1. Once you have the Cα-Cα distance between T49 and E111, take 0.36 nm times their residue separation minus that, and quote the gain in nm to one decimal.
2. Please say if segment 72-204 is rounded, prolate or oblate, where rounded means a/c under 1.5 for a ≥ b ≥ c the square roots of the C-alpha gyration tensor eigenvalues, and otherwise the choice is prolate for a/b larger than b/c and oblate otherwise?
3. Say R0 is 41 Å: what FRET efficiency, to the nearest 0.05, do R90 and A178 get from their beta-carbon distance?
4. Please list, in order along segment 74-85, the HN-Hα scalar couplings obtained from phi with the Karplus expression 6.51 cos²θ - 1.76 cosθ + 1.60 (θ = phi - 60°), rounded to whole Hz, x for Gly and Pro.
5. Given the C-alpha centroids of segment 176-204 and segment 46-79, what is the distance between them in whole angstrom?
6. How long is the gain from A197 to R152 if the chain were fully straight, where each residue apart is worth 0.36 nm and the alpha carbon distance is subtracted?
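Values quoted throughout were computed directly from the atomic coordinates according to the rules given, and no laboratory measurement underlies them. Since this is a predicted model, take the numbers as computed values, not measurements. Backbone-built Cβ (ideal geometry, glycine too); neighbour counts: all protein chains shown.
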Amino acid sequence: MTDIETLERALRAAAQAHDDAALPDLIGPADDRRLLDLAYATLDSPVGTLLLAVTARGLVRIAYLGPEDEQSVLDELATAISPRVLAAPRKLDSPRRELDEYFAGTRRRFEFPLDWRLTRGFGRRVLQATARIPYGTVSTYKQMAGEAGSPRGSRAAGNALGANPLPIVVPCHRVVHADGGLGGYTGGVERKKVLLAVERGDRL
């Protein structure tokens, strides 16, 4: 077999493998070259339609559709991670099921892995501290800044929370002002109120 024939065979095999079932195998060197596929799906929820995106590492993005247009979110992901963005709802079965359970009041902790690649530095530390806030409780911007290593960085912590790529599962809705004021929220204050109500056990 010639080198050309070998190459053609490899290309045909790669094309056949490039389907929904192939996503978990695309980790490693391809990931390092930003060639890793992303799968996405949408979910209807009490806070509106959500777009969920996952890589082989884990859930990488949750976007509130409405404030963010679906195509603009997909374009953002294509630029930041990979141009190969696939509509593959089955890849999001676990996150969608767990989010449904959360909104139904039967789940207090998410178990699927997260991909933190859209965060960095102080912002990542703030978000990782936020991810540790227990269900049904709240913390303050100052506390989150302190846990991230900058006790005077409340404003910067607020900016990091406002840029949270994984709202709900990284629960920035649980962060409020020291005086009890709700503060802002990436999906709007009304959504923040709904999420806090879910965790209080209120009927929606």
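1. Full-extension gain reported as 20.2 nm.
2. Values: a/c = 1.91, a/b = 1.17, b/c = 1.64.
Verdict is oblate for segment 72-204.
3. Working: r = 44 Å, r/R0 = 1.07.
In this case the efficiency is close to 0.40.
4. Per residue, the Karplus-derived 3J(HN,Hα) values read 5, 5, 4, 5, 4, 6, 7, 10, 7, x, 9, 10 Hz.
5. Taking the Cα centre of segment 46-79 as reference, the centre of segment 176-204 is 21 Å away.
6. On the way: separation 45, 0.36 × 45 = 16.20 nm, distance 2.97 nm.
Residue separation times 0.36 nm, minus the Cα-Cα distance, leaves 13.2 nm.
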